[in-house]
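Peer 1: Once you've had a glance at the structure underneath, I'll fire off some questions.
The values are calculated or read from the model by the stated rules, or taken from the named source; none is laboratory data. Being a predicted model, the structure only gives us computed values, none of them experimental. Note: areas computed on protein heavy atoms with side chains; ligands, DNA, RNA excluded. Shrake-Rupley method; radii C 1.70, N 1.55, O 1.52, S 1.80 Å.
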Amino acid sequence: QVRLVESGGGLAQAGGSQTLHCAASGSIFSGNTMGWYRQAPGKQRELVARITSGGNTAYAASVKGRFTISRDNPTNTVYLQMNSLKPEDTAVYYCNTFPISPYWGQGTQVTVSS
């Protein structure tokens, strides 16, 4: 059974930090590049960051230098450390493979107030 469970979001002030967690089932995690995506109200879902099974990372220009993606392969967990948060980071954040699979979790809401 495929499972993606995001957590760690909430309300933050601009300039603050949050860490998101994604617990994935082994079937979707093992050996795959994993990504964090976000969808703001009225906007399309976008890729924020991705990480290969070997730990190579890539970031969207809008978050580069502020966000850090990491993974723990033995526990099938992906993290997103978000620093220097901005109001425009407000969105529902999801994890999935990269390229995306048909499986989505419920996401976790991140709201950044100015």
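Peer 1: Given H placed on each backbone N at 1.01 Å, which residues far from residue 16 in sequence or on other chains put an amide H within less than 5 Å of it?
Peer 2: Distant-sequence amide H within range of residue 16: 85.
Peer 1: I'd like the projected area of the stretch 1-66, averaged over all directions, using the convex hull of its alpha carbons. Report it in nm² with one decimal.
Peer 2: Numbers: hull surface 22.5 nm².
Average projection, Cα convex hull of the stretch 1-66: 5.6 nm².
Peer 1: Taking 0.36 nm per residue of separation and subtracting the Cα-Cα distance, what length does fully extending residue 84 through residue 103 add?
Peer 2: Details: separation 19, 0.36 × 19 = 6.84 nm, distance 2.99 nm.
Fully extending the segment from residue 84 to residue 103 adds 3.9 nm.
Peer 1: The stretch 40-114: Rg/Rh from Cα coordinates, Kirkwood Rh?
Peer 2: Details: Rg = 12.6 Å, Rh = 13.4 Å.
A ratio of 0.94.
Peer 1: Right, next: Quick one: pull the percent of accessible area on the chain belonging to carbon and sulfur, 1.4 Å probe, ligands and nucleic acids left out. List each step's numbers first, then the result.
Peer 2: Numbers: 2820 of 5750 Å².
Ligands and nucleic acids excluded, carbon and sulfur give 49 percent.
Peer 1: Additional query: Please calculate how many Å² of accessible area the chain carries per residue, with a 1.4 Å probe and no DNA, RNA or ligand atoms counted.
Peer 2: On the way: 5750 Å² over 114 residues.
Heavy-atom accessible area per residue stands at 50 Å².
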